[in-house]
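Okay, so here's the structure we're looking at.
The values are calculated or read from the model by the stated rules, or taken from the named source; none is laboratory data. These numbers come from a predicted model, not from an experiment. Backbone-built Cβ (ideal geometry, glycine too); neighbour counts: all protein chains shown. These area figures cover heavy atoms from the full protein model, side chains too; ligands, DNA and RNA do not enter into them. Shrake-Rupley method; radii C 1.70, N 1.55, O 1.52, S 1.80 Å.
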Amino acid sequence: ITPSSDGRQLCVSLGNRVQIFNATSDSDERASSFSHALTFPISNCWRASFSLDGRHLFVVSNRSSVIDVRDTTTGAHLLALHGHGFDVCWLAPSPDGRQLASFDPK
């Protein structure tokens, strides 16, 4: 389970699919429940991280050196980021949202 930085979305990976849920708020602006928003297929999601604005989801499949960028509204595959020589095991967007830090163990 991966929350967005603003707490308005959750990403849940379940086997070969990823689900995104949107928060619904009660009167005091805290999330009181989550409603299902989107499901899209992906082969064995290993890591996921929302962009800071919540518009994109960065996803790494198990045993993969590629980071897929997905639209959180449609689930559309937008971009594949290549460059790692080994499995990506960590992802984090920069505070300004303009860069993505990623790590592989080799």
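Of the residues making up the range 79-97, those that are over 15 Å from R47 (Cβ atoms) and part of a loop (DSSP other than H, G, I, E, B) are H82, G83, G85, S94, P95, D96, G97. Within the range 49-78, being polar (S, T, N, Q) and part of a strand (DSSP E or B) holds for S49, S61.
The residues of the range 93-106 that are surrounded by 12 or more Cβ atoms within 10 Å (Cβ to Cβ), within 16 Å of D53 (Cβ to Cβ) and modelled with pLDDT under 85 amount to a single one, G97. There is no residue in the range 54-71 that is at pLDDT below 75 and aromatic (F, W, Y). The numbered conditions (1) open to solvent by 30 Å² or more (accessible area, probe 1.4 Å); (2) within 13 Å of the chain's Cα centre (by Cα) are all true for F50 except (1).
Restricting the range 66-86 to residues that are more than 21 Å from S5 (Cβ to Cβ) and not hydrophobic (A, V, I, L, M, F, W, C) leaves a set whose member that is most open to solvent (accessible area, probe 1.4 Å) is H82.
Confirm whether A80 is touching a Lys or Arg at 6+ places or on another chain (Cβ under 9 Å) and either among the hydroxyl-bearing types (S, T, Y) or at pLDDT 85 or above (or both). It is false that A80 is touching a Lys or Arg at 6+ places or on another chain (Cβ under 9 Å) and either among the hydroxyl-bearing types (S, T, Y) or at pLDDT 85 or above (or both).
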